[in-house]
Amino acid sequence: MARIDQSDDWREKHAPTISTFESLAIEAFGTLPKEFRDLTGNLIIEVADFPTDDVFEDMALETPFDLLGLFEGQGLSERFTMDTAGTLPNKIILYRRPILDYWAENDETLGDIVTHVLIHEIGHHFGLSDDDMERIEEADDSPLRDRS
């Protein structure tokens, strides 16, 4: 009978917890250039299992697995044109269960996915649209383009 390689025994492992995701997000944020991190100011990064019912309805999601992350707040370009008195700090929420589902369906590491979603949502903090970020990621000289 063939012996199964048990060097990375998944029988004893559990799905990554919210705290594991928080650690991955903190690590990903820490790898960004300091100048970039400094521009994020008091940005809050949170992890939740799924979007709230309000987010689900507001975004007209078909399933709670449709959203990997969310930026809440005013993009930096909006903050300079509006009165910001009484506004809450900008926040990014990473959704653990949809990210795990995406991870199971794709050939990427969990760390890479968390990093990508975090950077994407930070792009919204800087006032970039999804289309803007897609063009940046697709550009031949993009620092976000996968070179593997």
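The values are calculated or read from the model by the stated rules, or taken from the named source; none is laboratory data. Bear in mind that the values here come from a model prediction, so they are computed numbers and not experimental data. FYI the Cβ positions are ideal-geometry reconstructions off the backbone, even for glycines, and counts take in every protein chain you see. Quick note on the areas: whole protein, heavy atoms, side chains included, nothing else; ligands and nucleic acids left out. Shrake-Rupley method; radii C 1.70, N 1.55, O 1.52, S 1.80 Å.
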Against the definition (modelled with pLDDT of 95 or more, open to solvent by 20 Å² or more (accessible area, probe 1.4 Å) and of a type outside the set (A, V, I, L, M)), how does D131 come out, yes or no? no
Of (1) surrounded by 11 or more Cβ atoms within 10 Å (Cβ to Cβ); (2) at pLDDT below 95; (3) touching a helix residue (DSSP H, G or I) at 6+ places or on another chain (Cβ under 8 Å), K91 satisfies every one except (3)
Name the pairs: first residue in region 8-26 and acidic (D, E), second residue open to solvent by less than 80 Å² (accessible area, probe 1.4 Å), Cβ to Cβ under 7 Å, at least 6 apart or on different chains? E22/V47
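Yes or no, residue by residue, for (1) open to solvent by less than 40 Å² (accessible area, probe 1.4 Å); (2) among the aliphatic types (A, V, I, L, M); (3) within 15 Å of I99 (Cα to Cα); (4) in a helix (DSSP H, G or I):
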site	(1), (2), (3), (4)
A15	no, yes, yes, no
I26	no, yes, no, yes
F29	no, no, no, yes
D38	no, no, no, yes
V47	yes, yes, yes, no
P51	yes, no, yes, no
D54	no, no, no, yes
L70	yes, yes, yes, no
Q74	yes, no, no, no
